[in-house]
Amino acid sequence: MTGTNLFGSEKCQGLDDFLRPEHLISSETKMFCETLRKFVDNEVLPHEEELDDFWDWTERKGHNFVHDIWKKLLIDVGLQKSFMPPEFGGTGGGTTVESCATVEEVARGDFSVACSGFISPWSIAAITIPKPNEFLLKKFSPLLCGDEINMICSAITEPHAGGSVEDYRLKGSQIRTKARLEGNEWVVNGHKLWPSAYREAKWFRVLCAVEGEEFPRNIAQIFVPVDAEGVATSKPYRKMGASIDTNGDIWFDNVRVPKENRAQEVPEDDFKSVMANITIGRLTSAAFPLGVMKRAYEVFKNYVDNREIAGMPMKEHGVIVHELGQMAREILTAEGFLYYIADRLDHPDLYGFPWELKNLALASACQVSVSDLGWSAVNRALDMMGSYGYSREGKIEKLLRDIKITQIVVGGQLLRLTELARYYFGTETI
């Protein structure tokens, strides 16, 4: 089914007129962003009305258009190999700012495509920060730089505790997925829930508590192949949005992997890697709602360009103009905040490393702010579109459902705001 266009062309001249910092983005990344935009326009948006109906695409027999999206995006366009550093055969190595720019382009097409499409670099960051793990980089480079789709899923959240497994104050006490070292092997037991792309992934990066170790040596990231003996998964959950990003359960029952599969060889470095990973994850995940906002702007601008009220163009009415100005302000504020914090992370010599608490707090603030601004902007557009706003044909209601999920993922707003209180107000007991 091809998406219905109610009001003519959606080509939007103002899409690039907000606050993306062009001076901080290389010409190569700009060209890649253009390629991603063409991919979104040609391969994703024509299916935007179908995506919700394919939430169980991994369980369906035979080939469907979702398989084509992943093949074209990850392999043909080259997104997958962009996650690997050039010295290991990839085309990556871009800055945090550039990473956000590429995420934003894909999220404009569909939030769930961006969620799954950019899940692997989160794990690659774990084996490059604070030190490169050459063993694992060499293991994953032929997978990510080859001609087959290979996703690495981040298995972090657990059923009993939600995002609290990410809370550094709890010192790993809420992580019930355990790992013990027996000779040259890790033995992993536990249950993870909600990881993105878990059904199509080939590897899991599993956040574990190491038996017999004290904080911070008790926190480990261990890489497990999905076909390892003792690994089992559920069917995907059906969600209100982000449909083709599969989320479900993973169980580990005495799963054995080589001891070299730990993200960082030195335990203290692994804890730094976890902290950096949370910071980077929260910051780059703020590019998801920004991309959704850009799509909402595109759809809504086309609507007000063609809709009339009392014989005049909708965008020429005073009360509507107020809402249009507010929406533009929200996008500008969100984009400016995102890229400012991203640029800070690109200068650790001036602003500190990503595992430091101030950067964790800033990334948390950015994710909360951008997703909240996104909710406000998309909801504003829905209100102004009336019945078209809550109809699938109007294309906005899906964006509102998706953007609600962007407010929740990667730790949740309560934990992110708690970390702001801890850093800026010295909260000690919570």
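The values are calculated or read from the model by the stated rules, or taken from the named source; none is laboratory data. Treat the numbers as computed from the prediction; the structure is a model and nothing was measured. All Cβ positions, even for glycine, are placed from backbone atoms using ideal geometry, and neighbour counts span all protein chains on display.
Key figures for this structure:
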read-out: Those residues of segment 90-123 which are of a type in the set (A, V, I, L, M, F, W, C) and either within 13 Å of the chain's Cα centre (by Cα) or over 11 Å from Thr284 (Cα atoms) (or both), in sequence order; value: Cys100, Ala101, Val103, Val106, Ala107, Phe111, Val113, Ala114, Cys115, Phe118, Ile119, Trp122
read-out: In segment 354-366, residue nearest to Ile320 (Cα to Cα) [restricted to those that are buried (at least 21 other Cβ atoms within 10 Å of the Cβ) and out of contact with any Leu (no Cβ under 9 Å at 6 or more places or on another chain)]; value: Leu360
read-out: Top-ranked residue of segment 321-338 - restricted to ones that are of a type in the set (A, V, I, L, M) and surrounded by 17 or more Cβ atoms within 10 Å (Cβ to Cβ), ranked as farthest from Ser371 (Cα to Cα); value: Leu324
read-out: Set Val188, Val206, Val165: member being modelled with pLDDT under 95, aliphatic (A, V, I, L, M), surrounded by 20 or more Cβ atoms within 10 Å (Cβ to Cβ) and not in a loop (DSSP other than H, G, I, E, B); value: Val165
read-out: Output for segment 389-410, where each listed residue is closer than 17 Å to Phe111 by Cβ and not β-branched (Val, Ile, Thr); value: Arg392, Lys395, Glu397, Lys398, Leu399, Leu400, Arg401, Asp402, Lys404, Gln407
read-out: Qualifying residue in segment 226-239 (condition: under 30 Å from Leu357 (Cα atoms), out of contact with any His (no Cβ under 9 Å at 6 or more places or on another chain) and outside the structural domain of Ala361 (by TED's automatic domain parsing)); value: no
read-out: Which numbered condition Ile69 fails, given (1) of a type outside the set (Ser, Thr, Tyr); (2) buried (at least 20 other Cβ atoms within 10 Å of the Cβ); (3) closer than 21 Å to Glu98 by Cα; value: (3)
read-out: First in segment 42-56 and assigned to a helix (DSSP H, G or I), second anywhere and among the basic types (Lys, Arg) and surrounded by fewer than 20 Cβ atoms within 10 Å (Cβ to Cβ), Cβ under 8 Å, 6 or more apart; value: Glu43/Lys72; Phe54/Arg60
read-out: Scope segment 111-133; condition in a helix (DSSP H, G or I) and either assigned by TED's automatic domain parsing to the domain that holds Glu397 or not small (Gly, Ala, Ser) (or both); matching residues; value: Phe111, Val113, Cys115, Pro121, Trp122, Ile124
read-out: Extreme residue, surrounded by the most Cβ atoms within 10 Å (Cβ to Cβ), among residues of segment 367-391 that are part of a helix (DSSP H, G or I) and among the hydroxyl-bearing types (Ser, Thr, Tyr); value: Ser371
read-out: Residue count for segment 392-427, restricted to those that are part of a loop (DSSP other than H, G, I, E, B), crowded, with 16+ Cβ neighbours inside 10 Å and over 16 Å from the mean Cα position of the chain (by Cα); value: 2
read-out: Output for segment 183-206, where each listed residue is on the phi > 0 side of the Ramachandran plot and either without any contact (Cβ under 8 Å) to a residue 12 or more places away in the chain or more than 18 Å from the chain's Cα centre (by Cα) (or both); value: Gly183, Gly190
read-out: Condition met for Ala209 (more than 19 Å from Glu59 (Cα to Cα) and touching a Ser or Thr at 6+ places or on another chain (Cβ under 8 Å)); value: yes
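Every residue, every condition in (1) among the charged types (D, E, K, R); (2) surrounded by 18 or more Cβ atoms within 10 Å (Cβ to Cβ); (3) touching a Gly at 6+ places or on another chain (Cβ under 8 Å); (4) in contact (Cβ under 8 Å) with a residue 40 or more places away in the chain, yes or no:
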residue	(1), (2), (3), (4)
Gln80	no, yes, no, yes
Pro86	no, no, yes, no
Glu104	yes, yes, yes, yes
Ile119	no, yes, no, yes
Trp122	no, yes, yes, yes
